[in-house]
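The values are calculated or read from the model by the stated rules, or taken from the named source; none is laboratory data. The structure displayed is predicted, hence computed values, not measured ones. Cβ placement follows ideal geometry from the backbone for every residue including glycine, while neighbour counts extend to all protein chains displayed.
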Amino acid sequence: MGFSHDIFVSLLFFYAFATKLSNAQVGFKCTQTRTTCTSLVGYKSPNKTTILHLQNFFKVHDLNSFLGANNLPPSTLSNYTINVEQVVKIPIPCICSNGSGISNHVPKYTVQKDDGLYYIANTVFAGLVTHPQIAEVNNIPDPDLIQVGEKLTIPLPCSCDDVEEQRVVHYAHVVESMSTMEGIAKQFGTKSDVLFKLNNIPNDSKLIAGNTIDVPLRACNSSVIASSLDYPLLVPNGTYVFTANSCMRCNCDSAKNWTLQCQPSQLRPANNTWLTCPSTTLCEGADNLSIGNTTIVGCNQTSCAYSGFNNQTILTTLATVNTCPAISPGPGNNTSKIGLSWKFLFISVHLIMLCLHLLW
């Protein structure tokens, strides 16, 4: 994949102000220097609103990515209601530098009359950032001196790092009152010890309501190759994405062996790269097996899997998974029966020797 001019400019701009940031104040830990990815933030809406408003407010590039992050049907209309204090997942572009990750120049907030940085951080952005973080990124020496109409960059926390040697999507979660790390771990399908270590929190007594913590969401395994324009395609459990110019829909379901499920979306291409979506593609080496379809022979489940796209076509590959459960020792298998036979023989010999001893 080529390194686009826009990404290069973004990295240079980010580096110019990221070197001034305090790692303790801005973003989550991110050691993947100058890496970009997609992260999620959990936004608790302070008022009743619509998906369209939040999409514009956070500068989410398209409606489908918003719907997929929240597992809402693709047919959901943009005027879908978001209720007061309803938490929605907002996909954000993340960029990492200087050991920290923050949202890549979005969102931008225009200062309104009577706004203060504390109000903007804690009410408008529901505690996802703090007012010192906003002041630092925007080089504001006096937080009390901001001007109506001034545009502020809001540094939402994010990361692109692997966790426990596993690809994940990082989710910024605002801690609720009375929360425990074990409860948060169960809610998001991870482990409490991972959360404690990742967020440098020793125990629940240091888990402060209103603070934002980094929650790694496990992503489904995919067959997407490194040269694909959407690599790495990270889709967390219970969500979906549209990719390949919106011609493919891929969803992650932990019940399906944590394997990404992709199939043609039946949508029109999202840009002018293709006039129409390519027709359903057959996998090489498989008779009449098209992308998204599966055959099962014994324990082997073979699928024609999506493996990425380039400027000309959608790529496919054959993926085989063994679906049979592993055999473990138990009452029904030969290993167990052999073990019982030896035990029976051992006890029988001892009883015979005891009887002979008594007779003598």
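Just for strands (runs of 3 or more DSSP E) wholly inside the range 254-312: which have at least 3 residues that are within 24 Å of Arg218 (Cβ to Cβ)? Spell out how you get there, then give the answer.
Working: elements: 261-264, 294-297, 300-309.
It comes to 261-264, 300-309.
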>> For the range 23-43, give me each residue that is assigned to a loop (DSSP other than H, G, I, E, B), among the β-branched types (Val, Ile, Thr) and surrounded by fewer than 21 Cβ atoms within 10 Å (Cβ to Cβ).
In response: Thr31, Thr33, Thr35
> Looking at Pro46, Pro73, which is the one that is modelled with pLDDT of 90 or more, over 24 Å from Cys252 (Cβ atoms) and either surrounded by fewer than 15 Cβ atoms within 10 Å (Cβ to Cβ) or not assigned by TED's automatic domain parsing to the domain that holds Pro132 (or both)?
Replying inline: Pro46
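Given Glu176, Glu136, which one is over 15 Å from the mean Cα position of the chain (by Cα) and at pLDDT 95 or above?
Details: Glu136 fails: at pLDDT 95 or above.
Among Glu176, Glu136, only Glu176 is over 15 Å from the mean Cα position of the chain (by Cα) and at pLDDT 95 or above.
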> For the subset of the range 230-245 comprising residues that are surrounded by 19 or more Cβ atoms within 10 Å (Cβ to Cβ) and in contact with a helix residue (DSSP H, G or I) (Cβ under 9 Å, 6 or more places away or on another chain), which member is nearest to Val88 (Cα to Cα)?
Replying inline: Thr239
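Looking at Ser192, is it in contact with a helix residue (DSSP H, G or I) (Cβ under 6 Å, 6 or more places away or on another chain), surrounded by fewer than 19 Cβ atoms within 10 Å (Cβ to Cβ) and either at pLDDT below 95 or among the small types (Gly, Ala, Ser) (or both)?
Criteria met by Ser192.
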> Does Lys186 satisfy the criteria of being among the basic types (Lys, Arg) and either under 30 Å from Ala319 (Cα atoms) or modelled with pLDDT under 95 (or both)?
Replying inline: no
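If you check Thr302 against the conditions, is it surrounded by 13 or more Cβ atoms within 10 Å (Cβ to Cβ), in contact (Cβ under 8 Å) with a residue 12 or more places away in the chain, under 19 Å from Val224 (Cβ atoms) and among the polar types (S, T, N, Q)? Before the answer, list the steps.
Details: surrounded by 13 or more Cβ atoms within 10 Å (Cβ to Cβ): yes; in contact (Cβ under 8 Å) with a residue 12 or more places away in the chain: yes; under 19 Å from Val224 (Cβ atoms): yes; among the polar types (S, T, N, Q): yes.
Yes, satisfied.
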> Applying the selection to the range 133-151, what residues are surrounded by 12 or more Cβ atoms within 10 Å (Cβ to Cβ) and farther than 26 Å from Gln86 by Cα?
Replying inline: Ala135, Glu136, Val137, Asn138, Ile140, Pro143, Ile146, Glu150
>> Condition first: surrounded by 18 or more Cβ atoms within 10 Å (Cβ to Cβ) and assigned to a loop (DSSP other than H, G, I, E, B). Now tell me which residues in the range 202-229 satisfy that.
In response: Leu207, Cys220, Ser222, Ser223, Val224, Ser228
> Inside the range 114-133, can you point out the residues that are aromatic (Phe, Trp, Tyr) and under 27 Å from the mean Cα position of the chain (by Cα)?
Replying inline: Phe125
> When you go through (1) within 24 Å of the chain's Cα centre (by Cα); (2) surrounded by 16 or more Cβ atoms within 10 Å (Cβ to Cβ); (3) closer than 21 Å to Pro74 by Cα one by one for Ile314, which number turns out not to apply?
Replying inline: (3)
